[in-house]
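Colleague: Below: one structure in structure tokens.
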Amino acid sequence: MRTVCKRLHRGDDLFLSIRDIAQREHIKAGVILSSVGCVLSARVRDASGVNIQDIDAHCEILSLNGTVSENRCHLHIALSKEDLSTVGGHLVEGCIINTTCELVIGILDGWQYAAEFDEATGYDELIFERIES
């Protein structure tokens with residue numbers, strides 16, 4: 001496994017930054033290994049797959065996980081507010097870094113991600129494909 005380590009800075013959009021890294025590095029199949037930092041504000045989609053919530057508060061990133069590729073990023077985030085309550089959901093554009101985010105992405109050798117429409121879910125769902133390394 002190869003890794004990409006990147007520090008994001010104040011004002012960076014977390015989702016867009018990860019997508020840009022994936023495209024620049026030509027990541028075929030990757031995962032978030034670590035993400036430590038804080039955000040000025042956040043936007044997450046809830047489990048309905050429709051509603052987007054704006055979180056207008058400084059939050060610590062407790063967890064960020066998901067699949068990363070140059071074609072598709074599917075990421076979930078958990079955040080801790082200043083009162084230590086926790087919120088989270090599907091990461092979308094608009095999660096803005098406050099002071100920093102230390103990001104580590106693992107790149108999976110011998111794999112690539114593709115997507116295929118799944119009638120049961122109504123979404124393009126991830127397909128894991130083995131490739132020659």
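The values are calculated or read from the model by the stated rules, or taken from the named source; none is laboratory data. Computed from a prediction, not measured in an experiment: that's the story for all the values here. Positions of Cβ are generated from backbone atoms using ideal geometry, with glycine treated the same way; all protein chains shown enter the neighbour counts. For accessibility, only protein heavy atoms count, side chains too; no ligands or nucleic acids. Shrake-Rupley method; radii C 1.70, N 1.55, O 1.52, S 1.80 Å.
Colleague: So which of Glu132, Glu102 ends up being open to solvent by 40 Å² or more (accessible area, probe 1.4 Å) and within 16 Å of the chain's Cα centre (by Cα)?
Modeller: Only one candidate passes the filter, namely Glu102.
Colleague: Can you tell me which of Gly37, Gly49, Gly94 is part of a strand (DSSP E or B) and touching a residue at least 60 places away in the same chain (Cβ under 8 Å)?
Modeller: Going through Gly37, Gly49, Gly94 in turn, just one is part of a strand (DSSP E or B) and touching a residue at least 60 places away in the same chain (Cβ under 8 Å): Gly37.
Colleague: Tally up the residues in region 66-76 that are touching a residue at least 40 places away in the same chain (Cβ under 8 Å), assigned to a strand (DSSP E or B) and touching a strand residue (DSSP E or B) at 6+ places or on another chain (Cβ under 6 Å), please.
Modeller: So the answer is 4.
Colleague: Looking at this structure, is Glu93 surrounded by fewer than 17 Cβ atoms within 10 Å (Cβ to Cβ), farther than 17 Å from Thr3 by Cβ and touching a Phe, Trp or Tyr at 6+ places or on another chain (Cβ under 6 Å)?
Modeller: So Glu93 passes the test.
Colleague: Can Ile127 be described as open to solvent by 40 Å² or more (accessible area, probe 1.4 Å), farther than 20 Å from Thr3 by Cβ, touching a Leu at 6+ places or on another chain (Cβ under 6 Å) and in contact (Cβ under 8 Å) with a residue 12 or more places away in the chain?
Modeller: Against the criterion (open to solvent by 40 Å² or more (accessible area, probe 1.4 Å), farther than 20 Å from Thr3 by Cβ, touching a Leu at 6+ places or on another chain (Cβ under 6 Å) and in contact (Cβ under 8 Å) with a residue 12 or more places away in the chain), Ile127 does not qualify.
Colleague: Collect the residues in region 97-123 that are under 19 Å from Ile27 (Cα atoms), assigned to a strand (DSSP E or B) and free of Cβ contacts under 8 Å to residues at least 60 places away in the same chain, keeping them in residue-number order.
Modeller: Listed by number, the residues that qualify are Ala114, Ala115, Glu116.
Colleague: Here's a follow-up. With respect to Ser63, determine if the residue is open to solvent by less than 20 Å² (accessible area, probe 1.4 Å), part of a strand (DSSP E or B), of a type in the set (Ser, Thr, Tyr) and within 19 Å of His9 (Cα to Cα).
Modeller: no
Colleague: Which residues, counting only those in region 10-50, are open to solvent by 60 Å² or more (accessible area, probe 1.4 Å) and modelled with pLDDT under 95?
Modeller: Ala47, Ser48, Val50
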